[in-house]
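Scroll down for the structure; my scribbles are underneath it.
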Amino acid sequence: MKQNKLNSKKQMFQYLEIKRNNEGNKTMRRYIYLFTLLTLFVVGCSEQSSVLAPVNNVNTNEPNWISLPQSDGIHVNKFISTSQKITHKDGGTISLNTSYQGGTYGTVTITSTLFFPKLCFPGKEGVYTVSHDDAYCVSTFGPATVFDKALTFNITYTGVNLSGVNPSTVKFAYLGTDGSVHYASNSGIVVDAATGKLQVKNAIIPHFSRYGFIN
């Protein structure tokens, strides 16, 4: 009789031990299952983010444009612009002359000429714009156009603080569509720190973009 009781207790302990083990295994399996779900969720979100995020391989770093002195007055416009109708048959010229008070020399002047040769673009005529930045020695042309014949651009700044600018490293350049910097062909660049003069002669403009002096 005693032996039967002992066997019953032993069987009960074994049953409880097996039950505890099973419950522990279930709990462990639950943790593993939850961990797997969480891992799949994180991976899925990462993949979705990589699919939805825009691809940005464009070089967004601005080149080292040469700065213009700040105006003594209140800045109202970011660009100084002029537009003109140009005919396909005759070509034409867009000129812009402006000045403002400011800087070491007291006055800053900007004088530019963009020359369109005959038959340089398709169509009968177009309205084109030349804009000069008021913070950097930079010009923007529009609308976006690729020309059959290259345009010629001349621009002269005076009153620019050129201290610290190495004349031998100054280039007249433009930005590509991917943000890359390209040098524009020209017949000469003038850098005169004594008078604050910065000039490019006969720069070749095969298409419209953002053009300016870099150092």
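The values are calculated or read from the model by the stated rules, or taken from the named source; none is laboratory data. None of the values given here were measured: they were computed from a predicted structure. Cβ coordinates were reconstructed from backbone atoms using ideal geometry, including for glycine residues, and neighbour counts include every protein chain displayed.
Please verify whether the range 126-137 includes one or more residues that are loosely packed, with under 13 Cβ neighbours inside 10 Å and within 27 Å of the chain's Cα centre (by Cα). Give the derivation first.
Step one: list which residues in the range 126-137 are loosely packed, with under 13 Cβ neighbours inside 10 Å, which gives 127.
Now restrict to residues that are within 27 Å of the chain's Cα centre (by Cα): 127.
Yes, the range 126-137 contains at least one residue that is loosely packed, with under 13 Cβ neighbours inside 10 Å and within 27 Å of the chain's Cα centre (by Cα).
Starting from residues that are within 25 Å of the chain's Cα centre (by Cα) and β-branched (Val, Ile, Thr), keep the ones in the range 161-198 and report whichever is nearest to Leu68 (Cα to Cα).
That would be Val165.
When the residues of the range 191-210 are narrowed to those that are out of contact with any Ser or Thr (no Cβ under 8 Å at 6 or more places or on another chain) and exposed (fewer than 14 other Cβ atoms within 10 Å of the Cβ), which ends up farthest from Cys137 (Cα to Cα)?
Looking at residues that are out of contact with any Ser or Thr (no Cβ under 8 Å at 6 or more places or on another chain) and exposed (fewer than 14 other Cβ atoms within 10 Å of the Cβ), I get Ala194.
With in a strand (DSSP E or B), within 15 Å of Thr113 (Cβ to Cβ), of a type in the set (A, V, I, L, M, F, W, C) and in contact (Cβ under 8 Å) with a residue 60 or more places away in the chain as the only criterion, which of Ile155, Ile205 stands out?
On the way: Ile155 fails: in contact (Cβ under 8 Å) with a residue 60 or more places away in the chain.
The conditions single out Ile205.
Run Gly103 past the list (1) under 20 Å from Pro69 (Cβ atoms); (2) touching a strand residue (DSSP E or B) at 6+ places or on another chain (Cβ under 8 Å); (3) small (Gly, Ala, Ser); (4) crowded, with 16+ Cβ neighbours inside 10 Å and report the number of the one that doesn't hold.
Evaluating Gly103 over (1) under 20 Å from Pro69 (Cβ atoms); (2) touching a strand residue (DSSP E or B) at 6+ places or on another chain (Cβ under 8 Å); (3) small (Gly, Ala, Ser); (4) crowded, with 16+ Cβ neighbours inside 10 Å leaves (2) as the failure.
Mind counting the residues in the range 159-176 that are more than 19 Å from Asp133 (Cα to Cα) and among the β-branched types (Val, Ile, Thr)? Spell out how you get there, then give the answer.
Narrowing the range 159-176 to residues more than 19 Å from Asp133 (Cα to Cα): 163-169.
Now narrow it down to the ones that are among the β-branched types (Val, Ile, Thr): 165, 169.
Number of matching residues: 2.
Among what's in the range 116-125 and is surrounded by fewer than 17 Cβ atoms within 10 Å (Cβ to Cβ) and closer than 11 Å to Gly92 by Cβ, pick the residue that is modelled with the lowest pLDDT.
Filtering the range 116-125 for residues that are surrounded by fewer than 17 Cβ atoms within 10 Å (Cβ to Cβ) and closer than 11 Å to Gly92 by Cβ, the one modelled with the lowest pLDDT comes out as Glu125.
Name every residue in the range 167-202 that is assigned to a loop (DSSP other than H, G, I, E, B), in contact with a Phe, Trp or Tyr (Cβ under 6 Å, 6 or more places away or on another chain) and without any contact (Cβ under 8 Å) to a residue 24 or more places away in the chain, in order of residue number.
Asn186
Tell me, yes or no, whether the range 98-105 has at least one residue that is assigned to a loop (DSSP other than H, G, I, E, B), touching a Gly at 6+ places or on another chain (Cβ under 9 Å) and within 19 Å of Ile204 (Cβ to Cβ).
no
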